[in-house]
Amino acid sequence: MDNFSEFKQKVKDANDIVSVVSKYVTLNKKGKTWWANCPFHYEKTPSFAVNEVEQFYHCFGCGVSGDIFAFVQHMEGCDFYDALKILCENSGIEMPDFSHDGKDAERKKEREQIYAVLRDAALYYCKNLNSPQQAKPALDYIAKRKLDTASVRAFGLGYSLGWNEVIDHLKSKGYSLDVMQKAGIIEKNQYGKFYDVFAKRLIFPIINSNDNVVGFSARVLEPTNHTKYRNTGETPVFQKNECVYGINLIKKLRRSEALNEIIIVEGQMDVISLFKAGVKNAVACLGTALTPNHAKQLKKYCNKVVVCFDGDGAGKKATLRSLDILVSAGLDVYVAAMPAGVDPDELVLQNGVEYYRALIADAKYWVEYLILEYSKNYNLKRAEERNLFVASALNVVKKLSSNTEQNVYLELIKNISNISVDVLRRDLENIDSLKVEETKQEKVEENAGVNKENAYVKAVKFVLAALLHKKDYAELNEEVKDNLLDNDVQKLYDYIYECKTTGKTPIVSHVFDMFNVESTPIINEIVSFDFNSIIDNKNYFDDCVKLLIKSGLEIKQRDLANKISLESDIDKRKEYSKQLSQIILKLTQLKKK
Ligand SMILES: [Zn+2]
């Protein structure tokens, strides 16, 4: 272990997770476990569990888990080093200077400076709104949009007085031009002189889920030929494909009340005027179409999203594009039908918030939305167009996994097309069988492969969980090691193996040092494995070990056969064939046993 890991361990040893967590939430002990209402999502019955022996927490409601460092990071909205600092102070340990530990520390220092300069710039812009005369253009605009002081404050709106004022202010606070530039606040003109990128604009700070200002979006207030909004370019702390406007407020909201859904709107003005009207669960993606990164962030806070873009052509296009991404991220996706040419901001101003709430409550499940949209594209009185509509609608229905769900939407297609559900159901099955015809052989094998893989993954999770959680029936097995196909799982197995063969006990909280558990689903599931939901005994363990080895070999066999068929290099083919025959030999031996 290096100095840093040793120090980290020392801090961990000195801070008991139960007493650290108790500072933030009330824990009650039941059996071996401490329970609390989860501080990360709203709930009425406790599902947040703290394991005193293993020194980690897991929420059975929202799925978060971690060690003391992760807990403090989340609660304080700080990064790892700051959590370390807090825990040092907590336990009277002096924190050494790790800044000589190379590039990471340098980068971290740079990021900190950038966050600091952005925060000070935001505060400065904000304060400018207090001068009625100087900030007149901004205040006029705010009044025109009927925003109130509370919303202006909640989102930290501000105003840039001119080309140099922010530079002078930040200089007086000791910031260098270099850090201002890195933060994206200033840039050089053609004569080499620096100026405020957002000069004379209304400023919307962009704040991340840890409450750091990461950049700005700024609106022009004078007539101009340029685009209305200008956003911070990519900087070390700002990537636009990750940034969700309003996510900081969603995080806060979720701690204080049940968050049933997140509304996705097009722009920040929509988010703010909805907030003012009392709809506090809206977010927007700034200056870019929705990306898988955005979807992933939203999923952290809520499973259901309602897409609510402008009802015009562009808005519809954006809706269609985002549906795939959101559905693929595993979200429950609904679409609110907005009137064409109206955005939520205008709608709330014109028709009131209740009208808007009704639209959201009435949002359609994405499947229904798509079917209805398709039906508008065809003249359904003509047979051939009706057939085209049915084909595209059935393609959507096909994506649903349960028959019951499919039936609901077949019924809808029937109502639109006047074709009976029986016929539609047959067509739906034909879509599949047509595909199977083409690639029958492949498809069958593929499916068998998928099922095998599911059983395999299930076995891997249980075997590793039993080993990690020190079940007395769980023993090491060389063959298991050889048949773990996932690198992370391999790494976890190596850790357990090293512990057990050197007379140490594997400790769950160590796993959090080795992985970013939250973003490694399979490790998260192993760490927080629920032994109550299975038959937890030696027979089951042995069965899983057998299945793991056999399926592992079969998956390898399939991959090698594939590789051989695609490989043109004769030597490589020979090598693969050799490996393949060894695997086949092992499989035959297994079957004999
Ligand atoms: Zn939770």
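The values are calculated or read from the model by the stated rules, or taken from the named source; none is laboratory data. Everything numeric here is computed off the predicted structure, so don't read it as measured data. Because the Cβ atoms are built from the backbone with ideal geometry, glycine has one as well, and the counts that use them run over all protein chains shown.
A compact table of results
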quantity: When residues of segment 88-97 are limited to those that are over 12 Å from residue 20 (Cβ atoms) and surrounded by 15 or more Cβ atoms within 10 Å (Cβ to Cβ), the one nearest to the ligand (Cβ to nearest atom); calculated: 88
quantity: Members of segment 328-367 that are among the β-branched types (Val, Ile, Thr) and touching a residue at least 60 places away in the same chain (Cβ under 8 Å); calculated: 348, 353, 360
quantity: Residue among 342, 333 that is in the same structural domain as residue 266 (by TED's automatic domain parsing) and touching a Phe, Trp or Tyr at 6+ places or on another chain (Cβ under 9 Å); calculated: 333
quantity: Residues being surrounded by 12 or more Cβ atoms within 10 Å (Cβ to Cβ) and assigned to a helix (DSSP H, G or I) - total across segment 531-573; calculated: 28
quantity: Residues that are charged (D, E, K, R) and without any contact (Cβ under 8 Å) to a residue 12 or more places away in the chain, drawn from segment 368-395; calculated: 376, 381, 382, 384, 385
quantity: Some residue of segment 47-56 being at pLDDT 85 or above, touching a strand residue (DSSP E or B) at 6+ places or on another chain (Cβ under 6 Å) and within 27 Å of residue 105 (Cβ to Cβ); calculated: no
quantity: Residue in segment 329-344 that is surrounded by 18 or more Cβ atoms within 10 Å (Cβ to Cβ), assigned to a helix (DSSP H, G or I) and at negative phi present; calculated: yes
quantity: Flag if residue 584 is assigned by TED's automatic domain parsing to the domain that holds residue 479, over 30 Å from residue 472 (Cα atoms) and in contact with a Ser or Thr (Cβ under 7 Å, 6 or more places away or on another chain); calculated: no
quantity: Subset tally (residues that are at pLDDT 90 or above and touching a Lys or Arg at 6+ places or on another chain (Cβ under 8 Å)) for segment 301-330; calculated: 1
quantity: Positions within segment 176-206 being part of a strand (DSSP E or B) and not hydrophobic (A, V, I, L, M, F, W, C), in sequence order; calculated: 187, 188, 195, 196, 201, 205
quantity: Residue selected from segment 180-231 under the condition aliphatic (A, V, I, L, M) and free of Cβ contacts under 8 Å to residues at least 24 places away in the same chain, by the criterion surrounded by the most Cβ atoms within 10 Å (Cβ to Cβ); calculated: 186
quantity: Scan of segment 277-324 for residues that are part of a helix (DSSP H, G or I) and under 21 Å from residue 339 (Cα atoms), ordered by number; calculated: 313, 314, 315, 316, 317, 318, 319, 320, 321, 322, 323
quantity: Out of 518, 498, sole residue that is surrounded by fewer than 13 Cβ atoms within 10 Å (Cβ to Cβ) and in a helix (DSSP H, G or I); calculated: 498
quantity: Among (1) free of Cβ contacts under 8 Å to residues at least 24 places away in the same chain; (2) within 12 Å of the ligand (Cβ to nearest atom); (3) not polar (S, T, N, Q), the one test that residue 39 misses; calculated: (1)
quantity: Residues being more than 10 Å from the ligand (Cβ to nearest atom) and either assigned by TED's automatic domain parsing to the domain that holds residue 470 or β-branched (Val, Ile, Thr) (or both) - total across segment 42-87; calculated: 6
quantity: Residue, surrounded by the fewest Cβ atoms within 10 Å (Cβ to Cβ), within segment 248-276, restricted to residues that are in a helix (DSSP H, G or I) and either polar (S, T, N, Q) or not assigned by TED's automatic domain parsing to the domain that holds residue 306 (or both); calculated: 256
quantity: Those residues of segment 132-170 which are on the phi > 0 side of the Ramachandran plot and modelled with pLDDT of 95 or more, in sequence order; calculated: 156
quantity: Condition broken by residue 475, with the remaining ones in (1) modelled with pLDDT of 60 or more; (2) assigned to a helix (DSSP H, G or I); (3) surrounded by 14 or more Cβ atoms within 10 Å (Cβ to Cβ); (4) not polar (S, T, N, Q) satisfied; calculated: (2)
quantity: Residue match in segment 5-23 (condition: buried (at least 20 other Cβ atoms within 10 Å of the Cβ) and within 14 Å of the ligand (Cβ to nearest atom)); calculated: yes
quantity: Whichever residue in segment 147-175 is in a helix (DSSP H, G or I) and more than 17 Å from residue 194 (Cα to Cα) and, among such residues, is farthest from the chain's Cα centre (by Cα); calculated: 149
quantity: Residue check, residue 113 away from the ligand (no atom under 16 Å from the Cβ), in the same structural domain as residue 175 (by TED's automatic domain parsing) and assigned to a loop (DSSP other than H, G, I, E, B); calculated: no
quantity: Flag if residue 235 is surrounded by fewer than 19 Cβ atoms within 10 Å (Cβ to Cβ) and touching a Lys or Arg at 6+ places or on another chain (Cβ under 6 Å); calculated: no
